[in-house]
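What follows is one structure encoded as structure tokens, with my remarks underneath.
The values are calculated or read from the model by the stated rules, or taken from the named source; none is laboratory data. These numbers come from a predicted model, not from an experiment. Here the Cβ positions follow ideal geometry from the backbone for every residue, glycine too, while neighbour counts run over all protein chains shown. In case anyone asks, the SASA skips ligands and DNA or RNA and just uses the protein heavy atoms, side chains included. Shrake-Rupley method; radii C 1.70, N 1.55, O 1.52, S 1.80 Å.
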Amino acid sequence: FQVLGSSGKLYTCYSSCHFCTCPAFGFAVLQKSESLLCKHILAVYLSQAMGACQELTVSEEQLTSILLAEEEEEG
């Protein structure tokens with residue numbers, strides 16, 4: 001899932017393995033173990049429960065492009 005953060009940045013959330021690309025997830029969940037999830041994963045779960053997700057089918061090339069764009073942004 002892609003979730004638009006409050007800063008306007010898009011974050012990718014993988015609900016199947018409970019992971020988000022946002023810095024808060026990396027810090028509070030992975031490093032400090034202070035939380036079980038970030039607000040982006042919570043948004044995914046809530047939108048799924050409410051049936052409010054917008055589902056788009058993407059090709060393998062489009063998915064590769066999305067993932068590579070995120071890597072470039074991270075450094």
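Given the rule -39500 (n - 2.57) for each run of at least 4 DSSP H residues, summed and divided by the residues of the chain, what is its mean residue ellipticity at 222 nm, to the nearest 500 deg cm²/dmol?
After summing the helix terms and dividing by the residues of the chain, the value is -11500 deg cm²/dmol.
³J(HN,Hα) across the stretch 62-67 via Karplus (A = 6.51, B = -1.76, C = 1.60, θ = phi - 60°), whole Hz, x for Gly/Pro?
5, 5, 4, 4, 4, 5
Quick one: with all protein chains in place, what share of the accessible area of the chain is carbon or sulfur, to the nearest percent (1.4 Å probe)?
Carbon-and-sulfur percentage of accessible area, whole number: 57.
If r is the Cβ-Cβ distance from Met50 to Gln2 and R0 is 25 Å, what FRET efficiency results, to the nearest 0.05? If you can, show how the numbers build up before the last one.
On the way: r = 17 Å, r/R0 = 0.69.
Using R0 = 25 Å, I get an efficiency of 0.90.
Please compute the contact order of the chain in relative form: average sequence separation of alpha-carbon pairs under 8 Å and at least six residues apart, divided by the residue count, as a percent.
After rounding, I find 20 percent.
Would you please name the GluC sites (Glu not before Pro) within the chain that are DSSP coil residues with at most 15 other C-beta atoms within 10 Å of their C-beta?
Hits after loop and neighbour filter: Glu34, Glu55.
Calculated FRET efficiency, Ser65 and Leu42, Cβ-Cβ r, R0 35 Å, to nearest 0.05?
Details: r = 27 Å, r/R0 = 0.77.
That gives a FRET efficiency of 0.85.
Which residues' amide hydrogens lie under 5 Å from the amide hydrogen of Phe19, considering only partners 5 or more residues apart or on another chain, with H built in the peptide plane?
Hits under the 5 Å cutoff: Tyr14.
Can you give me the P(r) profile for the chain? Cα pairs, bins 5 angstrom wide beginning at 0, each as a whole percent.
Result returned by the calculation: 3, 15, 23, 26, 20, 10, 3, 0.
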